[in-house]
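The values are calculated or read from the model by the stated rules, or taken from the named source; none is laboratory data. Every value quoted in this text rests on a predicted model; they were computed, and no experiment measured them. Here the Cβ is made from the backbone with ideal geometry for all residues, glycine too, and neighbour counts use every protein chain on show. Quick note on the areas: whole protein, heavy atoms, side chains included, nothing else; ligands and nucleic acids left out. Shrake-Rupley method; radii C 1.70, N 1.55, O 1.52, S 1.80 Å.
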Amino acid sequence: MSEKVLIKGNEAVAEAAIASGCRHFFGYPITPQSELAAYLARRMPKVGGVYLQAESEVAAINMVYGASAAGVRCMTSSSSPGISLKSEGLSYLAGCDLPAVVVNVQRGGPGLGGIQPSQADYFQATRGGGHGDYHIIVLAPGGVQEMFSYTCKAFDLADQYRMTVMVLTDGILGQMMEATSMTVNSEQATANSEKPWAVGGVRTGRARNIVNSLYLKPSELEETNLARYEKYKLVEDAEQAHDSYLLDDAEIVVAAYGASARIAKNAVDEARNRGVKAGLLRPVTLWPFPKKAFLEASKHARAFVSVEMSMGQMIEDIELAIRCSRPVSLCSRVGGMVPDPAKILQAIISASQEATA
Amino acid sequence: MLPNGITVLAGHYGSGKTQIATHLALELRKRHAKVTLCDLDIVNPYFRTADSKDLFEAAGIRLISSPYAGSNVELPGFPPEAASVFDDPEVFSVIDVGGDDRGALALGRYADRLRDGGAAILLVINRYRPLSGSARDAADICREIEEAGRFRFTGIVNNSNLGAETTPRDVLAAIPYAEEISQKLSLPIVAVSAAKTLTLPETGYPVWKMELYRKWVSL
C-alpha cells in the first residue's frame, strides 16, 4: 500500500507546519494561497492548535511577532500583495531576532496584479522586504514534495538562527497536486527546542526577558546590527543550497528556481538532444544565494540563462555570484504568464551561438 | 454505463469533480445530441471547466459557466442560464459543483428541482486526499456537503488516485475504502474512475477510463 497522499502544494505546507510542531497559525485569505489557510482552519483544532483568521495581513504578522516572542513555533502565509503588508512586521521580527515562518505563494504584480503565478517578489524576499539592515532566509521549493520538506526545514532554520524563514513559492506550486510523502525525519522532531530568550512569564526566578527592537543609543543599535551580521555570515557559509541537473559538463547553465526550474528542465533535455551541452542549476536557497555553486559552474560554463517569471531579478544575483565573468541572458514571462519549454530552448540556443561567436 | 438526464458531481475539494464532469460530458455527447455541462463552482478561481471551453466547443457540448469563470475575477457568480438544464427533458446535463460544503451551498438554490427531476447526484471520493483518507472523514465531509446543499447523494464515484504516480495497485487498494463509505452512507458505488492509460483487473465495478485534462502541461 502506498504511503503517499495526493496533495496540493498549499495543503502540503499546512501539513508540514503541523508535522513541525507549529500549533499557531495566523492567516488571511488571498488567492492563490487561500487553501493553506482553509486547510489549517480544519486541521489545527484537531491537533490542539490555534487557527486564527486575522482582520488583516498586518494583524496576522503582528500575531506571529507576539507568538514567536512567547517562544512557540508559528507561521503566517499570504500572496504577493499581502506580503507587502506584512513587510513592516518582517523588519520588527528581524530587529528582535525572532524565529518565524512566512509563506509567499506569489502572484502577478505590481499592485493588485492578478491571481496567476509569478516570481516577481524575488527582490522583495531576498532583500528582506522591510526597512533596515537585515536578511531573512528564503527557501524555494521545486515541487509539492519540497513544499512539505522545505517548510519543515524552515521551522528548524528559523529556530536555529532566530530568523524569519520565508518559503517563496508561486501559484503553480501552491495549486498543483502531486503524490507526496509526509514522513518527517528525526531532525524535524526538535520542535520544542529551548528558547531561553522567550517571554513566557517568569516562574523560575530568572531575570526577565525583553523582546524589543527599539534602541535609542546609536552605539547600542550599531552593536546589535554588527552582531546580527556576524550571524548572517554563518548562515551564508553554512546554508547555501542548490540542486543541479546535467550540470557537470554544462556549457550553457540554465538557472531557475521553483516552477520555472521544472519547465527549464524539459528545455535542458531538449537542448541536449540537439547537441547543446546545457545544464540546470536550481537555487534552493535564494538567500543565502548559492554563490559557491554558481562560481564553480562558471569554470566550465560559457554562458548563463536566467529563467524567471519576473522582469530580470535573480539575474542580478547570478552576475554578482560569477562576478560578471560570463554573459548572463534573461528568459522570462510575467504577469501570470508561464514560460514554455520552446521559448527557453530558443534562449539556450541563442546563448550558445552568441558565446561561440 | 452512464447516468441519464441530470448528473451532479460534488465532493471534497480536489477529489476530481471537474475532471470527471469533463469526462462524462464528452462520453454523453458520443451518445446524445444535446449535452450541457454546467459549472456551478463558486469556490475555485484557478481550475474550472471553462479552462477546457475549446474542447467542449469542438465536441458540440454546451458549456454553461459564469462569465467570470477563468477570467481571474474572483466573483463567485452564478451563470444566469443555469436553471435551463432543468427545462429541456431532451438535454443530458452534467453539473460540476465546487468543493466541500462551501461549494455545495450553490446547489441549495436548485434543491427542489434536483429532487423532483430524479437527478443522479454523485459523491466523488479519493482515498489519497489527506483530509478524506479515512472512510469516517469522507463520510463526515459527505454529510456536511448534503446539509449545505440540501440534497441527498444517490451514488459514489471512486476516483482514488495519486495523480501521475497512480498505479493499478493504488486503485485496487482504495476499493475497500470506497466500499466502507458505501456501507456507511448506504450509497451504491456507481463507478471506479481512472486514467485510461492504467490497465486495471476486474474490480467488480464499472470502470470509467478517462482522458486526463491538465493545466500547465509543460511541468
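One Cα centroid belongs to segment B:78-125, the other to segment B:1-74; the line between them spans 12 Å.
When nucleic acids and ligands are ignored and a 1.4 Å probe is applied, B:Phe151 ends up with an accessible area of around 10 Å².
Heavy-atom accessible surface of the protein assembly as shown, averaged per residue, reaches 41 Å², computed with a 1.4 Å probe. In the assembled protein chains, B:Ile141 presents an accessible area of approximately 10 Å² (probe radius 1.4 Å).
Restricting the trypsin sites (Lys or Arg not before Pro) of segment A:85-180 to loop positions (DSSP other than H, G, I, E, B) with no more than 14 neighbouring Cβ atoms within 10 Å leaves A:Arg127.
When chain B is modelled as a GNM with alpha-carbon springs shorter than 10 Å, which of B:Arg109, B:Arg169, B:Arg127 fluctuates the most? Most flexible of the set in this elastic network: B:Arg169. Largest accessible area first, the listed residues A:Trp197, A:Trp287 line up as A:Trp197, A:Trp287 when surface is computed with a 1.4 Å probe on the assembled protein chains. Within the listed set A:Val211, A:Val165, A:Val144, the residue fluctuating most in the Gaussian network model of chain A (springs between alpha-carbon atoms under 10 angstrom) is A:Val211.
Among complete DSSP H helices in chain A, those whose alpha-carbon atoms stretch at least 20 Å along the helix's long axis and whose mean Kyte-Doolittle hydropathy reaches 0.0 are A:80-95, A:341-356.
In deg cm²/dmol, rounded to 500, what helix-only [θ] at 222 nm does chain B give when every DSSP H run of at least 4 residues adds -39500 (n - 2.57) and the total is split over its residues?
-9000 deg cm²/dmol
For chain A, the share of DSSP beta bridges that are antiparallel, to the nearest 5, is 25%. Measuring from centroid to centroid over Cα atoms, what is the spacing of segment A:62-138 and segment A:196-222 in Å? For segment A:62-138 versus segment A:196-222, the Cα centre distance is 23 Å. Each stretch of four or more DSSP H residues adds -39500 (n - 2.57); spread over every residue of chain A, this sum gives -12500 deg cm²/dmol at 222 nm.
In segment A:243-356, the DSSP beta bridges split such that about 20 percent are antiparallel, to the nearest 5. Close amide H pairs (under 5 Å, H built 1.01 Å from N) link B:Ala195 with B:Met210, residues at least 5 positions away or on another chain.
Pair-distance distribution P(r) for chain A, from all Cα-Cα distances in 10 Å bins starting at 0: 6, 25, 32, 23, 10, 3, 0, 0 percent. Pairwise Cα separations in segment A:243-356 fall into 5 Å bins from 0 onward with the following percentages, short to long: 2, 14, 27, 28, 20, 8, 1. Here is the P(r) of chain B: all C-alpha pair distances, binned every 10 Å from 0, give 8, 36, 39, 16, 1 in whole percents. In chain B, excluding the sites themselves, the longest stretch lacking any of the GluC sites (Glu not before Pro) that are in a DSSP loop with at most 10 other Cβ atoms within 10 Å is B:91-201.
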